[in-house]
1. Which pairs have Cβ atoms under 6 Å, sit 6 or more apart or on different chains, and link a residue in the range 215-237 that is in contact (Cβ under 8 Å) with a residue 60 or more places away in the chain to one that is part of a helix (DSSP H, G or I) and surrounded by 16 or more Cβ atoms within 10 Å (Cβ to Cβ)?
2. Could you list, ordered by first residue, the pairs with Cβ atoms under 6 Å in which the first is in the range 443-471 and not assigned by TED's automatic domain parsing to the domain that holds residue 392 and the second is in a helix (DSSP H, G or I) and among the acidic types (Asp, Glu), at least 6 apart or interchain?
3. Residue under question is residue 99, and the condition is that it be at pLDDT 95 or above, within 37 Å of the chain's Cα centre (by Cα) and of a type in the set (Ser, Thr, Tyr); does it hold?
4. Looking only at the range 49-92, which residues are aromatic (Phe, Trp, Tyr) and either touching a Pro at 6+ places or on another chain (Cβ under 6 Å) or over 13 Å from residue 193 (Cβ atoms) (or both)?
5. Residue by residue through the range 137-162, note down the ones that are surrounded by 17 or more Cβ atoms within 10 Å (Cβ to Cβ) and part of a loop (DSSP other than H, G, I, E, B).
6. Suppose we keep only residues that are among the β-branched types (Val, Ile, Thr) and under 29 Å from residue 170 (Cα atoms) within the range 223-265. Which one would you say is surrounded by the most Cβ atoms within 10 Å (Cβ to Cβ)?
7. Grab the strands (runs of 3 or more DSSP E) fully contained in the range 1-85, keeping just those with 1 or more residues being under 40 Å from the mean Cα position of the chain (by Cα).
Amino acid sequence: MASSAEIVRFYREHLPGAKIEGDFLLAPCPFCAPRSGDKRGTIAVDISPESFFMGYFRCSLRCTPGGFPIYFGNIMGIEPKRIPGLDPDREPYVRDLTYPTKNLNAEIKKFISYMDDPQYAYFDNFGVSQKVVDEMKIGYNGRYLVYPYFLEDGNCYAARCVLPGKEQDSFWHGDESFFEGEFRTYNVREIERCEGGALFLVEGEDNLLTIKELGYPCIAVPSASDLEVLTGERLAFVKHIFVVTCNAPEARLSARAFGAKLGFKVRLLKWPSHLKRGYCLRHLSEEKGAGFGDAVASMLKRAKSFSPFSSPEKEERGFIELLQRQRGKALVGLPTGFQKMDLALGGIRGINIMGGPPKAGKSCFFMQLSTEMARKKIPVIYYDFENGRQKIYTRTLCRLSRLSERQIREEDLHEEASRRLQQAHAEFKHMLFYFRVVTDRKLSPDIMRRQIDFLQNETRRDDTLVVLDSLHKLPFKDLSERRTGIDAWLRQMEAIRDEQNVSFLVISELARGPEGSYSSKPDLGSFKESGDIEYSADNAMILLPDWDILDPISTEQRKTTLWMVASRENSPGKIAEYALEYPFWGFKEL
């Protein structure tokens, strides 16, 4: 990397008559063609050590596009080893492409000839001069402005035609092979000129023109969604990239995705929150007039290198807010309604996986936990692949009303039972606003994330309980790869837990012993295809019945013991005993 002193020496050596005025080195432009009676332009080089554009040169008459020292040395024919910052061994970027023999160059010249006062007045409205418009070879076809997309070989094979002031009314003209993908980069040759330096990357051709008017190098994409076509390889030799999109959440997301792809060399310029949707550089130039340059310079100073990490200030603020919300609460996690379970776990938080033999009451247990939380206005999504929503709803109504399934279907209930059923219906109706059952077997982590966002938005809560019944019934791409599929889902749950403030209750199957029976000893090895359960679960529990599950359920009280077999923060051992109150489908903590 060349120092600022080396760059100044380089330009002074190759620009006869150069003199320093403030932060610029000024000299007669060596590229202006000396014709009789013509005056040469002045070449100005930014030599401010604090400037991102230190070493950038441009001619006052725009006789040639500006650039940084490596580009200057190349067009001046200077020996490579004498050009500061040039690596003579580096491989230049070359498109894997055979350029067609036919191009739009002649048509572009014709379109330029159609430009007249009304078209130049359109650009003048947002501060762009005729010099810049002509430099970019913008034309007019009688109705649409024509923006030529010249490629690295100096020829134009495609142009975007835009109705003035109405960007949504546009179409592509030319060779359709150059309408999509990597070819949707306007002024792409600027990238080569900015090797070892900096450039702007903006959304929309008109916004590029406002930056060019200020004298900065710039490329553009038609819309923010097109940022994905620019690769790290294509921009590998540019040190700083200033990204300016229009003021819209979708555009910001695209810019952040671009920043995540290219890393710290990207700096995102942000708009103040009070500005209207769609506000862009063109609007800023219209509004500020002669002050537009200062406004852009101010945005540049505030821009920080893109980072996927939150700022320390944001992290500290978020942590303090969390402590404030938890102050005075007996439990750190979500309350279950079971005193001993809350005491053992500190409430439900993180990923809680519970296993048990078939018919042990796992689903019924989680139905009760989740519906009780929903009654306390905690948002719950119950992903069910075992029972069906009608069974979940029916058993919940039985538990709330203390009536059996047969009784709630009777037409003539006695007065007390009818009152209980009516009250249970009212509680059930209120609960459903916070309790959502999903039975879609095409579930994916992305769908889960969106559904969590929707429910948190609808309920205006920032915490959520997600129930998965069960882990082994989750959709996998390939059933033969269930073990790796389970591990992949667990990785996704970890991310969702951390990013969306979600607590999980997950049902898992247990592995059978050598003789086909289930172990009576609760331990982590009991889980079927456990995979990463031992690493991902914040709490791993096993629900073991103390009765023969093949006996008729109504013959005697059924006791079940819940065991903690592994935990990040809690001690393993017995949590509590529970009795199933049949036929009301509710557990009672003993």
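1. 217/190
2. none
3. no
4. So in the range 49-92, the residues aromatic (Phe, Trp, Tyr) come out as 52-53, 56-57, 68, 71-72.
Scanning the range 49-92 gives a single hit, 52.
5. Listed by number, the residues that qualify are 137, 138, 144, 151.
6. Top of the filtered list is 244.
7. Those strands (runs of 3 or more DSSP E) span 42-46, 57-59.
Let's see how each residue does on (1) surrounded by 18 or more Cβ atoms within 10 Å (Cβ to Cβ); (2) outside the structural domain of residue 356 (by TED's automatic domain parsing); (3) modelled with pLDDT of 80 or more; (4) assigned to a helix (DSSP H, G or I):
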{"position": "475", "(1), (2), (3), (4)": "no, no, yes, no"}
{"position": "481", "(1), (2), (3), (4)": "no, no, no, yes"}
{"position": "484", "(1), (2), (3), (4)": "no, no, no, yes"}
{"position": "488", "(1), (2), (3), (4)": "no, no, yes, yes"}
{"position": "492", "(1), (2), (3), (4)": "no, no, yes, yes"}
{"position": "495", "(1), (2), (3), (4)": "no, no, yes, yes"}
{"position": "498", "(1), (2), (3), (4)": "no, no, yes, yes"}
{"position": "504", "(1), (2), (3), (4)": "yes, no, yes, no"}
{"position": "508", "(1), (2), (3), (4)": "yes, no, yes, no"}
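The values are calculated or read from the model by the stated rules, or taken from the named source; none is laboratory data. Please read all numbers here as calculations on a predicted model, not as lab measurements. No Cβ is skipped: glycine too gets one built from the backbone with ideal geometry, and neighbour counts run over all protein chains shown.
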